[in-house]
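The block underneath contains the structure these notes are about, expressed in C-alpha cells.
The values are calculated or read from the model by the stated rules, or taken from the named source; none is laboratory data. Bear in mind that the values here come from a model prediction, so they are computed numbers and not experimental data. In this analysis, Cβ positions are derived from the backbone assuming ideal geometry, glycine residues included, and neighbour counts consider all displayed protein chains. With ligands, DNA and RNA removed, areas are computed over all heavy atoms of the protein, side chains included. Shrake-Rupley method; radii C 1.70, N 1.55, O 1.52, S 1.80 Å.
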Amino acid sequence: MKNSMRKHWYLFSLVFCVMALIVFPATVEAAKKPKPKMVKIETTMGDIKVMLYNETPLHRDNFLKLVAQKFYNNTLFHRVIKNFMIQAGDPDSKTAPIGERLGAGDVGYTIPAEIVFPKFCHKRGALATARQADEINPERASSGCQFYIVEGKTLNDQELDEAEERLNRMLQPTELISYSDEQRLTYKMFGGAPHLDGQYTVFGEVVKGFDVLEKIASVKTDLNARPFEDVRILSMKVVRR
C-alpha cells in the first residue's frame, strides 16, 4: 500500500514539474509584455476611450507625451466626414473663429511611419495619424499631433476585392495583399475605410464610446468639412481599463 502511494506521489510530482516547466516560461514572457495604455478623450459630445498599440511605440509615446502636456485640451474636431472619419489635434483650432479653415497647425516635427499592415487596418474605431501627401512626404511620416478616428462604412466582398486590387497597384508589395477572413468579416459587419490601409500609421483603436464617434461624425459641416458648431476636446487623460 505504501509503495503504491509513493508511486502515485512520484508520478504526481513528475507531472507537476513538467507542467511548471511548460507554463512558467509562458507566464514570465506574458509578464514582460507591457499592458496597452488607455486614454480617455473627453469631448463636448461625450467620452471616447482608446487603446494604444505597443507595436507602434513612437506614436504611442508621442501621443502620451502630448496628453500629459494637456496639448489636446480645448482643440476641435476640425474635419468631420460622415461614413469616413473625424479628425482633431490642430493646435490652431483652440482659438479659431467659426468658419475658419483648419488643418495646417502642427508641433514642428513629424514621426517616422510605423505602418503595421495588414495586422492593423482601418476598421471602424481605428486611431491613426494624419500626414502630408505622398508627393511631398514619400516616407509617409506622420503629423506630430493631428490624428483621426475612423467611422467608415460596411463593405461587401466585391468592394473588398476592389480595395485589394487598388492597394496592390498602389503599394506594389513583394507579396500580394489579401485580407484575412477575419478582416473581411470585420469590414463587412463592423465597417471601416480600407482604402487607407498600408498608407497611414494606425496606432490604436476605440474600445468604448462608439456612440459618441457616430454622434460626432453625424454633425453638419461646411464646405471644408468643419462642423458648423464646434465639437471640442475638453481633456485627455490616461486611465485604467
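Say we join alpha carbon atoms closer than 10 Å with springs in a Gaussian network model of the chain; which of SER218, SER142, SER93 then has the biggest fluctuation?
The residue with the greatest mean-square fluctuation here is SER218.
Rounded to the nearest whole Å², what accessible area per residue is found for the chain with the 1.4 Å probe?
58
Where the accessible area of the range 187-233 is counted over protein heavy atoms with a 1.4 Å probe, how much of it, in %, is carbon and sulfur?
53
Cα axis of helix 157-171 to longest principal axis of the chain: angle in degrees, 0 to 90, nearest 10?
Orientation of helix 157-171: about 80 degrees from the principal axis.
If Lys and Arg each add +1 and Asp and Glu each add -1, what is the summed charge of the other residues whose beta carbon sits under 12 Å from the beta carbon of PHE190?
On the way: positive: LYS123, ARG124, LYS153, ARG184, LYS188; negative: GLU151, GLU182, GLU205.
It works out to a net charge of +2.
To the nearest 20 debye, what charge dipole does the range 114-175 have about its Cα centre, counting +1 at the Cβ of each Lys and Arg and -1 at the Cβ of each Asp and Glu?
Roughly 320 debye for the range 114-175.
Do the alpha carbons of any pairs in LYS188/LYS215; LYS153/LYS237; LYS153/LYS215; LYS82/LYS153; LYS153/LYS188; LYS123/LYS220 sit beyond 19 Å of each other, and which pairs?
Correct reply: LYS188/LYS215; LYS153/LYS237; LYS123/LYS220.
Please work out the C-alpha center-to-center distance from the range 114-136 to the range 174-241 and express it in whole Å.
About 10 Å separates the Cα centre of the range 114-136 from the one of the range 174-241.
When the dipole is taken about the Cα centre of the range 126-241, and only Lys, Arg (+1) and Asp, Glu (-1) are charged at their Cβ, what size is it in debye, to the nearest 20?
In debye, rounded to 20, the range 126-241 gives about 740.
So what is the calculated 222 nm ellipticity per residue for the chain, using -39500 (n - 2.57) for each DSSP H run with n of 4 or more, over all residues, to the nearest 500 deg cm²/dmol?
Taken over the chain, the calculation gives -10000 deg cm²/dmol.
Under a plain spin-label model, where a point goes 7 Å from the Cα along Cα-to-Cβ, how far apart in nm are GLN69 and ARG101?
Spacing of the two 7 Å Cα→Cβ label points: 2.7 nm.
Between rounded, prolate and oblate, where does the chain land on the alpha carbon gyration tensor, with a ≥ b ≥ c its root eigenvalues, rounded for a/c under 1.5, else prolate if a/b exceeds b/c?
Verdict is prolate for the chain.
How tilted is helix 57-68 with respect to the longest principal axis of the chain? Cα atoms for both, answer in degrees (0 to 90, nearest 10).
Orientation of helix 57-68: about 60 degrees from the principal axis.
Based on the Cα gyration tensor of the range 133-175, what are the three equivalent ellipsoid semi-axes, each the root of five times an eigenvalue, rounded to whole Å and given largest first? Please list the in-between numbers first.
Details: eigenvalues 116, 69, 11 Å².
Equivalent-ellipsoid dimensions as semi-axes: 24, 19, 7 Å.
Tally Lys and Arg at +1 and Asp and Glu at -1 over the other residues with C-beta under 11 Å from the C-beta of GLU205: what net charge comes out?
After counting each charged neighbour, the total is +4.
Quick one: pull the percent of accessible area on the range 66-179 belonging to carbon and sulfur, 1.4 Å probe, ligands and nucleic acids left out. Intermediate results must be reported in sequence, preceding the final value.
Working: 2780 of 5810 Å².
Summing carbon and sulfur atoms, their accessible area is 48 percent of the total for the range 66-179.
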